[in-house]
1. Under the rule that an exposed site lies in a DSSP loop and has at most 14 other Cβ atoms within 10 Å, name the longest stretch of the chain with no GluC sites (Glu not before Pro) of that kind, not counting the sites themselves.
2. Give the angle, between 0 and 90 degrees and rounded to the nearest 10, that separates the Cα long axis of helix 87-98 from the longest principal axis of the Cα atoms of the chain.
3. Report the Cα centroid-to-centroid distance between segment 78-127 and segment 1-23 in angstrom, as an integer.
4. Step through the table entries Lys94/Lys136; Lys100/Lys136; Lys13/Lys138; Lys80/Lys127; Lys87/Lys131, compare each Cα-Cα distance with 26 Å, and write down the pairs that go over it.
5. Within segment 38-107, list the chymotrypsin sites (Phe, Trp or Tyr not before Pro) lying in a DSSP loop whose Cβ has at most 16 other Cβ atoms in a 10 Å radius.
6. Jot down the radius of gyration and Dmax of segment 5-126, Cα atoms only, both in angstrom.
7. For helix 128-150, what angle does its Cα long axis make with the longest principal axis of the chain, in degrees from 0 to 90 and rounded to 10?
8. Amide H neighbours of Ser9 under 5 Å, counting only residues 5+ apart in sequence or on other chains, H built in-plane at 1.01 Å?
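Each reported figure results from applying straightforward, stated rules to the coordinates on display, with no laboratory input. This structure is a prediction, so every number in the text was calculated from the model and none was measured. Here the Cβ positions follow ideal geometry from the backbone for every residue, glycine too, while neighbour counts run over all protein chains shown.
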Amino acid sequence: MKENIEIISNNRKAFHSYTIIEKFEAGLILYGSEVKSLREKKLNLKESFITLNNNRFFLINAHISQYSHAGFNGHDPVRKREILLNKKEIHKLKNVVAQKGLTIVPLKAYFKNGIAKVEFATARGKKMYQKKEALKIKDLDREARREIRRG
């Protein structure tokens, strides 16, 4: 069976600010107006993160804009949204959160076969000099590809 994936939003800042260690995929508990807003691609993951609260993981600061055709009682754009994980994943991620210097960041949100999913990763924050070094390598690589193309 072929998977039908429609990307809603990417968190490019996460790849710049963090070193990605391991990726996970999970569903989200959403209201109907949030799902409709996601179908319009009205999601911002830029400042969002994932936290543990009472053995449950939540997506915090993810901004889902109000649905354009919703009535007066839509949803709160930045509310906490629970992430659906099984017990093994919860246990594994609890150990990661307990380690100093590691965090969980959302990388992208998408619809997979019509179901809203979020891809997130365990990550370690980069220092400023590491960010500058990564940008320098990226620029050099771009220049090299440009020279190869020219001949």
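1. Working: sites that count: Glu3, Glu40, Glu47.
Value returned for the longest uninterrupted segment is 48-151.
2. It is inclined by approximately 60 degrees.
3. Their Cα centres are 11 Å away from one another.
4. Lys94/Lys136; Lys100/Lys136; Lys80/Lys127; Lys87/Lys131
5. Details: sites: Phe49, Phe57, Phe58, Tyr67, Phe72; in loops: Tyr67, Phe72.
Passing both the DSSP loop test and the Cβ count: Phe72.
6. Just the Cα atoms of segment 5-126 yield Rg and Dmax of 14.2, 44 Å.
7. With rounding to tens, the tilt is 70 degrees.
8. Ala109
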